[in-house]
Amino acid sequence: MMITTSFLETMALYNQWQNETLFGICNDLSEHQIKRDRGMFFGSIFNTLNHILYVDRLSHSFIHTKIVPEFDPNVILYSNYQELRTARFEFDRILVQESHTCSQDWLNEAIEFWSDRLNRKRNVPRAFYYVQLFNHQTHHRSQITSELHKMGIDYGCTDLPYNPYYAF
């Protein structure tokens, strides 16, 4: 068993908290500040936020369909910040809901597929891809929080024990 349903819930709630925090800060930025090319991997804070949601959706699709989706690193899902924000929060709500309803057997079920990148067959528990989904978000949120720091904006706490949505 890789992760438990309880771990999935913990991470889904953490993810929700961190995205609400990040978008709460971004709400106060001007369109120029959020869309300005800052030399980040995806250029701007806005493009990075789009990338996170895009990859989340691809990962989520794979988790549910077991079909490896096509990836295009240039995809921008939303050109409007408010639409992106709404879609992000809706997706996070879905992840939290799933964490409350999925079974351990479902999480443990292996997904078998051919990896062109690795040139071999993979057989990995579904839970692994939830871990990757959350890890990928953390990686790119840190790029954004670094830019916010350069702008003199304190992102605040990211420590799991301080998540207001999780009852320890």
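Just so it is clear, none of the values below were taken in a lab; they were calculated from the coordinates. Note that the coordinates shown come from a computational prediction; the quantities given were computed from them, not determined experimentally. Note: ideal-geometry Cβ built from the backbone for every residue, glycine included; neighbour counts use all protein chains shown.
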So, with points 7 Å from each Cα along the Cβ direction, the N135-A110 label distance in nm works out to 1.9
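Which trypsin sites (Lys or Arg not before Pro) in the stretch 98-168 sit in a loop by DSSP (not H, G, I, E or B) and have at most 10 other Cβ atoms within 10 Å of their own Cβ?
Filter output for the stretch 98-168: R117.
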Calculated FRET value between D37 and R120, using beta carbons and R₀ = 35 Å, to 0.05:
0.40
Helix-derived mean residue ellipticity, 222 nm - over the chain, DSSP H n ≥ 4, -39500 (n - 2.57), to 500:
-19500 deg cm²/dmol
Which whole-number percentage describes the relative contact order of the chain, with Cα contacts under 8 Å and a sequence gap of 6 or more?
34
³J(HN,Hα) across the stretch 21-38 via Karplus (A = 6.51, B = -1.76, C = 1.60, θ = phi - 60°), whole Hz, x for Gly/Pro?
4, 4, 5, x, 5, 5, 4, 8, 8, 6, 4, 4, 4, 7, 9, 5, 6, 9
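What is the order of L8, L118, fewest Cβ neighbours within 10 Å to most?
Numbers: L8 22, L118 8.
With the sparsest Cβ surroundings first, the list reads L118, L8.
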Between K150 and R93, what's the calculated FRET efficiency when r is the beta-carbon distance and R0 is 30 Å? Round to 0.05.
0.45
Counting other C-beta atoms within 10 Å, and keeping those with at most 10, which DSSP coil GluC sites (Glu not before Pro) do you find in the stretch 2-82?
E70
